[in-house]
Amino acid sequence: MAYCPRCGVQVECDVRKCPLCDFPIPDTGEVCNPDDQKYPQAINTYPEDHQEKKNKAFFSIGIIALCLLMIIMVIYAVYPWLGFIKYLGLSIITIFALVFFAMGYLKAWKNFLGAYLTLLLCGYFVYWMIASQFNWYMAFFFPILTLFYLDICLFRQVLKHTRNKSQFIFIPTSLILFLIILSMGIDGILSFHFLGQLHLTWSLIVGISGVVIILILQVIYHRLSEKTLEKLKKKMHV
């Protein structure tokens with residue numbers, strides 16, 4: 001019989017992924033005899049149960065959003081001078097679309113792209129309704145939102161390649177790197193618009209502080225004994 005290196009659950013010798021934590025189980029070369037199998041074939045019913053609950057929740061949210069939109073339309077028809085009603089309706093539509101993508105009904109990249117385009121459209125409609133003379137949409141909203149999503153893409157890739165490593169060190173490090181890149185990008189966009197050139201100021205403080213924290217975490221992690229690391233992992237469930 002084989003055991004999961006992460007959670008220690010006992011599995012059949014031909015199982016290559018733990019049914020409990022999805023951790024890859026190495027091939028030990030042990031020959032499996034079907035007559036000696038101790039456990040029946042594991043069937044995970046969680047996806048079906050989860051999908052049913054998710055559908056019910058989404059349907060309820062949709063009904064609530066539709067009712068709110070109808071109320072807003074009636075109020076706007078009676079009191080057309082209440083300008084904030086338009087923004088309230090746009091907010092409800094945007095939130096409903098984001099909930100749809102967040103629930104994962106489409107493929108991951110489609111949900112990610114859909115949420116990005118939804119926010120872009122929401123920002124554009126706000127810019128159009130305000131009818132501002134200053135083009136803040138192209139100057140700030142579009143580049144900062146794009147930067148934020150590119151930063152998230154990088155963060156997801158880092159987590160994907162480090163998911164089987166120690167989460168005690170890699171998740172905080174990844175989050176700090178995410179904040180450093182985001183702050184430097186925002187600082188660069190603002191300085192380029194107001195000064196006409198790239199001039200980083202406050203983001204350098206964030207970057208230096210973040211790098212120092214990352215180095216401290218790395219030193220602490222690599223200096224700790226295996227016994228201490230195991231205690232930390234058990235305490236923090238990582």
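The values are calculated or read from the model by the stated rules, or taken from the named source; none is laboratory data. Computed from a prediction, not measured in an experiment: that's the story for all the values here. Cβ sites come from the backbone with ideal geometry, for glycine too, and all protein chains shown count toward neighbours.
Listing for the model above:
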item	result
Some residue of the range 97-108 being assigned to a loop (DSSP other than H, G, I, E, B), among the hydroxyl-bearing types (Ser, Thr, Tyr), modelled with pLDDT of 75 or more and over 30 Å from ILE130 (Cβ atoms)	yes
All positions within the range 69-97 that are crowded, with 16+ Cβ neighbours inside 10 Å and touching a Gly at 6+ places or on another chain (Cβ under 9 Å)	ILE72, TYR76, PHE96, ALA97
Residue match in the range 143-164 (condition: more than 18 Å from the chain's Cα centre (by Cα) and in a helix (DSSP H, G or I))	yes
Matching residues in the range 122-142 - criterion: being under 26 Å from SER183 (Cβ atoms) and part of a helix (DSSP H, G or I)	CYS122, GLY123, TYR124, VAL126, TYR127, TRP136, TYR137, MET138, ALA139, PHE140, PHE141, PHE142
Qualifying residue in the range 146-156 (condition: of a type in the set (Lys, Arg), in the same structural domain as ILE189 (by TED's automatic domain parsing) and either surrounded by 13 or more Cβ atoms within 10 Å (Cβ to Cβ) or within 21 Å of LEU182 (Cα to Cα) (or both))	yes
